[in-house]
Amino acid sequence: ITDGGYGGDEATRAVEDGFRTKFEAGDKCGLYIVRDGSLVASNVILTAEEGENGIITWKAADGAISGAAEGDKYFLCYPSTMDMENKVTPSDTDSDDAFFARIISGWNTADNQNDYANYRYSDLKTAAGEVKNEDGKLKVSFSLNHKMALAVIEVPKTVYKFTDTSIPDYIVPTSVDFTSDIKPLRMADGTYRFVLNPDLTDIKSITGTINGKNFTISADKLKGITKGTYKTF
């Protein structure tokens, strides 16, 4: 299971590694298996475990998956939540977008994403599995695609330069006081990120103060971000 990342401003995005999510032990995905329009397995929880050399492996509860066969359709959703079984469409397996359509369109992201757990939960990702038969064993791989949009907020930075050129510049990003209900997540590079569902009608503007100056990123601008991409403000 890998993360496909967010597309950039020009493109038609769990610990963050650039615009990809680096999965860690304890993360959970929900697995679905469809055969002839019926669910063989529904929201089977796969839990990430750290193996040798830090390699993440995914494990289902004993007995949770049985009877899977070549030709079945496999779908994956991150994060996994309760009561998702009734929101998937087993009769439409052309793509993960179609299979998870109702979940994607109605996904609610958290307002306070400065809490990293809320940020991770908000960042809905889905995938359709590719199945290969290798020496009698079925191997299924997933590249998860981000189904929400991502706003990236760049802020002014103070750059300290030294007369001794052997000393690298020291950069201090300006902190932001967000006055709206929306609280983006501050990243290590000083930017802020906020995941949103542009299909929803109740999107709120992002407002804040930097160095005593107020700013607003309107709801209309946020709605204009294409799903699966990020836009820098």
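The values are calculated or read from the model by the stated rules, or taken from the named source; none is laboratory data. Just so it is clear, the model here is predicted, and its values are computed rather than measured. Ideal geometry is used to build each Cβ from the backbone, glycine not excepted, and the neighbour counts take in all protein chains shown. Heavy atoms of the whole protein, side chains included, go into the accessibility calculation; ligands, DNA and RNA do not. Shrake-Rupley method; radii C 1.70, N 1.55, O 1.52, S 1.80 Å.
Helical content of the chain, expressed as a calculated mean residue ellipticity at 222 nm, amounts to -2000 deg cm²/dmol (DSSP H runs of 4 or more residues, -39,500 (n - 2.57) each, divided by residue number, nearest 500). Each residue, residue 69 and residue 28, gets one label point 7 Å from its Cα in the Cβ direction; the gap between the two is 3.1 nm. Residue separation of residue 223 and residue 35 scaled by 0.36 nm, minus their Cα-Cα distance, works out to 64.0 nm of gained length.
Mean sequence separation of contacting Cα pairs (under 8 Å, at least six apart), scaled by the length of the range 112-233, corresponds to a relative contact order of 29 percent.
Our summary of shape: the Cα atoms of the chain have principal axis extents of 66, 46, 29 Å, ordered from largest down, in whole angstrom.
What percent does the relative contact order of the range 105-163 come to when contacts are Cα pairs within less than 8 Å and at least six residues apart? Computed value for the range 105-163: 24 percent relative contact order.
Within straight-line reach of residue 137, meaning a Cα separation under 30 Å, sit the following lysines at least 8 residues removed in sequence or on another chain: 22, 28, 59, 73, 125. Were the residues from residue 169 through residue 139 laid out at 0.36 nm apart, the gain over their Cα-Cα distance would be 6.0 nm. Looking at the range 58-141, the GluC sites (Glu not before Pro) that sit in a DSSP loop and have at most 10 other Cβ atoms within 10 Å of their own Cβ are 70.
These residues, 183, 221, 73, go from largest to smallest accessible area, 1.4 Å probe, as 221, 73, 183. Accessible area of residue 186 (1.4 Å probe, protein heavy atoms only, ligands and nucleic acids ignored): about 90 Å².
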